[in-house]
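Written out below as structure tokens is the structure these notes cover.
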Amino acid sequence: GDLAARAPAAPAGPAPRITCDPPERPAAPPDGKTADEEQMRKAEAAFRAYVDQGRKFQVCIERAQKEAFGRLSVAEFIALEGLVLQMQASMEIEAERFNRQLRVFRAR
């Protein structure tokens, strides 16, 4: 068979400019051994805001990816998938950091 016939089609036009901004990571949570309740509440609010903004970032990337699907190269598509996965991993890491200190705080 003809390899050219089986090769993926070139993207139709330039890929769109993605205007999704990832959130800034929250500050490290306070030490659960010494933090007061107000510090833990502020840390929780910052973490929840980060997750909310992170999910919005993921939705933004996924929407842009779908809208531009026919114009993306394989590398561009994979790069966008990578952004979604990196955001997910970051949210999970931040959740573990916060929850670890929250467990210490509650155990006092």
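Data table
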| item | result |
| --- | --- |
| Net charge of Cβ neighbours under 13 Å - reference Pro23; Lys, Arg +1; Asp, Glu -1 | 0 |
| Trypsin sites (Lys or Arg not before Pro) within region 27-80: DSSP coil, no more than 13 neighbouring Cβ in 10 Å | Lys33 |
| Positive dipole terminus of the chain, leading residue within Ala46, Asn99, Val74 (C-beta point charges) | Asn99 |
| Highest-MSF residue in the chain out of Ala35, Ala95, Ala75 [GNM, Cα springs under 10 Å] | Ala75 |
| 10 °C / 1.306 mPa s Stokes-Einstein diffusion coefficient of region 46-91, Kirkwood radius on C-alpha pairs, µm²/s | 144 µm²/s |
| Local electrostatic count, Ile93, Cβ distance below 14 Å [Lys/Arg +1, Asp/Glu -1] | 0 |
| Nearest 10 degrees, 0 to 90: helix 37-67 Cα axis against the chain principal axis | 10 degrees |
| Angle in degrees between helix 74-106 and the longest Cα principal axis of the chain, rounded to the nearest 10 | 10 degrees |
| Listed candidates [x] 1.23; [y] 0.95; [z] 0.98 - label of the one calculated as Rg/Rh (Cα atoms, Kirkwood Rh) | [x] |
| Rounded to the nearest 20 debye, dipole of region 34-92 from Cβ charges on Lys, Arg, Asp, Glu | 280 debye |
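We did not get these values from a lab; they are worked out from the coordinates using the rules stated. Source: prediction; values computed, not measured. So basically every Cβ, Gly included, is an ideal-geometry build from the backbone, and we count neighbours across all protein chains shown.
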